[in-house]
Structures are given as C-alpha cells and as structure tokens.
1. Please compute the contact order of the chain in relative form: average sequence separation of alpha-carbon pairs under 8 Å and at least six residues apart, divided by the residue count, as a percent.
2. Need one number: convex hull volume per residue for segment 28-176, Cα atoms only, in Å³.
3. Compute log10 of I(q)/I(0) for segment 203-309 with the Debye formula, placing one identical point scatterer on every Cα and leaving out solvent, at q = 0.15, 0.24 Å⁻¹, to two decimals.
4. Select from 291, 132, 46 the residue whose mean-square fluctuation is largest in a Gaussian network model of the chain (Cα-Cα springs shorter than 10 Å).
5. List 280, 251 from most exposed to least, where exposure is judged by having the fewest other Cβ atoms within 10 Å.
6. Label residue 69 and residue 141 with points 7 Å out from Cα along Cα→Cβ: what is the distance between them in nm?
7. Would you mind telling me the antiparallel percentage of the DSSP bridges in the chain, rounded to 5?
8. How far, in nm, would the chain grow between residue 92 and residue 47 when pulled straight, counting 0.36 nm per residue and subtracting the alpha carbon separation?
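Here, each number is a calculation from the coordinates, and none is a lab measurement. A quick note: this is a predicted structure, and the numbers were derived from the prediction, not measured. All Cβ positions, even for glycine, are placed from backbone atoms using ideal geometry, and neighbour counts span all protein chains on display.
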Ligand code: AMP
Ligand code: MG
C-alpha cells in the first residue's frame with residue numbers, strides 16, 4: 001500500500017543571488033502548507049512582513065468558518081444542526097459553490113460529505129488508519145444523501161433539507177482563500193506577491209527579477225518537485241486537482257480523494273491531473289475538481305465554455321493545453337515519457 005500527500009504545484013526556486021531576496025513565509029493552515037513569497041520592490045521589509053502576517057490571520061479566520069473539523073465553524077454547525085446563520089464569507093462561498101455545481105452539472109458538488117466519510121478521505125488516505133474499500137451498498141446509501149439541491153442559502157442563513165446530508169468545501173475553499181489573500185495584498189499596497197495554498201497558487205505582479213512568476217506543473221507520477229513544464233503567470237491563479245495528492249493503492253487500484261458524484265467512488269476518468277488558470281481562484285478550484293471528474297472530453301468542454309485556460313494530463317501521458325496557454329507553456333516532460341498533443 002502506498003500513501004502519499006504532496007503539494008500539487010511548486011514555485012520554481014531560481015538559482016543565483018539577488019541583493020534583495022523576497023520575503024518568504026510558510027505556515028500550516030487549513031490542512032495545507034501556505035507559502036507567501038513577496039519580493040522587496042516598492043514596499044519596505046516591515047510593510048511586507050506586516051502584510052504577510054495580516055494575510056496569515058485572514059486565512060486562519062476563513063479556516064475557522066469553512067473547516068469541517070473545527071466544531072464551531074459555520075460548516076460544522078450546518079452539518080450538525082442543518083440550519084445555521086453564516087458569516088458573510090461563508091454565505092458568499094456557499095453561493096459560489098452552488099452556482100459552480102450548476103455550471104458543472106453536479107461534477108463539482110459541495111454536498112459530498114456522506115461519501116467523503118464513507119471513503120474516509122480525510123484520514124484513511126493520509127494517516128496510518130487501515131484503508132478499506134466500502135461495499136457497494138455503503139456507497140449507494142451515502143450517495144443518496146449527496147444531492148446538492150438539499151443545500152439552500154437564504155439571506156444570512158443556510159439550510160440542509162436532507163437530515164443525513166452534509167457539506168464539504170474541500171474542493172473550493174482554498175481557491176476562495178487565495179482570492180481573499182490577493183485582495184488583501186492589494187488593499188495593503190502589495191503589488192507583487194505569490195501565494196501557494198497546497199495546489200492553489202495565485203501570482204500577482206512580478207517576481208524579484210521583475211519578470212512574470214514562473215510556476216512549475218507537477219509531474220503526476222514523479223516525486224514532489226519534478227515537473228512536466230512551467231507556465232509564466234501574472235495576476236492569475238493556477239489550481240491543480242490530481243490523483244496523486246492523496247491516495248491509497250490497493251490491488252493495483254488507486255483510490256484517491258476526488259469523488260465522482262455519479263458513481264460515489266474516486267473518479268476514474270482517464271485523467272491524472274487538471275490545472276486551471278483563471279483570475280478567479282475559487283472558480284478555478286471548483287472547475288479543476290469538476291474537470292477531473294468529467295474526463296478529457298467533458299472537462300475540456302466545461303473549461304472552454306467557462307473561458308478558462310487549462311493543462312490536462314491524461315493517463316496515457318499526453319498533455320492537453322488550451323489555446324491560450326500553448327505559447328507560454330515550457331515543456332520539460334519529454335524524458336519522463338510525456339507528450340504535448342494539442
Ligand atoms: P481538489 O483537490 O480541489 O480537487 O478537491 C478535492 C477535495 O474536495 C476532496 O478532498 C474532498 O474534500 C472534496 N471533493 C472530492 N470530490 C469532490 C467533488 N466531485 N466535488 C466537490 N468536492 C469534492
Ligand atoms: Mg478543487
């Protein structure tokens with residue numbers, strides 16, 4: 001059995017010296033490593049450190065609203081009592097999640113908590129608990145309580161009409177947090193920064209060399225840090241969903257953390273990873289999860305309809321690029337057997 005928890009994307013660390021290295025901070029928030037990289041340009045080091053501290057505080061605040069493990073969070077209260085008042089951030093995020101569920105015809109579904117519990121995704125895939133594939137009847141039973149129409153947001157309240165239903169925002173919350181971090185940087189006068197929340201990256205302005213940020217796309221079958229290529233990014237987010245982030249392998253089958261709501265099991269769509277590029281990180285987050293579920297054809301159609309650039313890596317090691325990314329994608333995956341096909 002092989003277990004793995006790795007970050008999806010990583011910043012390329014450029015070698016060489018610079019007189020003013022960026023300020024880099026690292027914290028563990030919302031179950032993931034959050035890295036802020038802020039070059040010293042127009043801002044003093046004190047301003048940059050203060051901005052990084054404020055962003056960290058804001059992200060911890062958002063975690064305290066959205067978490068399914070913090071018992072006093074809005075989402076935990078909703079899951080326990082099926083009716084609760086919401087913080088304005090939670091209301092916005094739930095409304096966005098419902099709208100993206102509609103956009104993706106339910107491939108992104110914020111109400112999968114019963115299936116997530118059935119598959120024990122939050123702990124069994126990452127810790128030393130014994131992983132057991134649920135029986136078909138357990139899956140079917142949980143699936144019946146995963147309809148997202150049971151979730152309604154009305155004014156500042158949310159309701160769950162299915163008594164056995166439950167909300168899990170793991171497929172979108174980090175995107176929302178990245179968007180909020182960027183809006184705070186801008187309010188604080190920070191024009192250049194790159195924030196990474198596990199697989200969610202948002203890069204604004206330029207790096208310390210005055211160039212667009214270089215972001216490496218993880219090779220889904222190589223150790224963390226090996227890439228299949230890089231993209232350059234300014235004022236945009238790139239979010240990746242991959243079957244290598246959290247998984248267990250048993251009897252040759254990879255059980256990972258992205259559930260196909262139509263089968264109730266980890267999606268087997270022929271995709272290894274999907275990276276979505278957008279100015280709206282919450283949207284990119286939800287749509288990368290949805291596109292992974294839908295597979296190459298359906299995922300590509302969804303992302304084109306939503307005007308998002310993408311990098312889809314299929315199990316046959318083909319890399320499918322949207323038109324808008326073809327000129328900036330620097331392919332480095334040849335040695336590892338990858339091919340760019342679009
Ligand atoms: P991501 O890594 O953004 O693709 O999100 C995966 C996480 O979102 C999982 O760990 C679950 O918490 C949750 N999730 C799994 N499958 C789905 C899905 N089809 N729609 C929405 N959330 C999902
Ligand atoms: Mg996602």
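1. For the chain, the relative contact order is 19 percent.
2. 141 Å³
3. -0.68, -1.35
4. Answer for the Gaussian network model of the chain: 46.
5. Least crowded to most crowded, the residues run 251, 280.
6. For residue 69 paired with residue 141, the spin-label model returns 2.6 nm.
7. 95 percent
8. This chain segment gains 13.3 nm when fully extended.
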